[in-house]
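*Asks:* Have a look at this one before I ask anything.
Values in this text are rule-based calculations from the coordinates and carry no lab data. Just so we're clear, the structure is a prediction, and the values are computed from it rather than from any experiment. Ideal geometry is used to build each Cβ from the backbone, glycine not excepted, and the neighbour counts take in all protein chains shown.
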Amino acid sequence: MRVLLDEHVDWRLSRSFGEGFEVETVIRRGWGGRTNGELLELAQSAGFDALITTDRGVPHQQNLSNFDVAVVVLRAGSNRLRHLAPIVEAGRKRCAPLHPTR
């Protein structure tokens, strides 16, 4: 699964995803400063499966049904790695039976 981390998500969060995930960042792609709509279009055209963000406004600002990119909004005490990593790790554990080891 190809995952894109939004620009306000610590890049080190990519280490929490584990096997089966290809994780890139908005900043590394050179897409910083784009509007959410532009970012979703870029992510879709580049073949990403999901955008991981802490921006709670994305689902309200965009018609997500227009995109083939899932938007995952992480809700935590802050956008610091120590608050976000446990969320990703818990999600990965809950989804593990859905993704058999190859």
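*Asks:* Along Cα→Cβ, 7 Å out, is where each label goes; now give me the distance between the ones at residue 34 and residue 73 in nm to one decimal.
*Replies:* 2.0 nm
*Asks:* Calculate for the chain the 222 nm mean residue ellipticity that helices alone would give, adding -39,500 (n - 2.57) per DSSP H run of length 4 or more and normalising by residue count, nearest 500 deg cm²/dmol.
*Replies:* Numbers: 4 runs with 33 residues, N = 102.
It comes out at -9000 deg cm²/dmol, rounded to the nearest 500.
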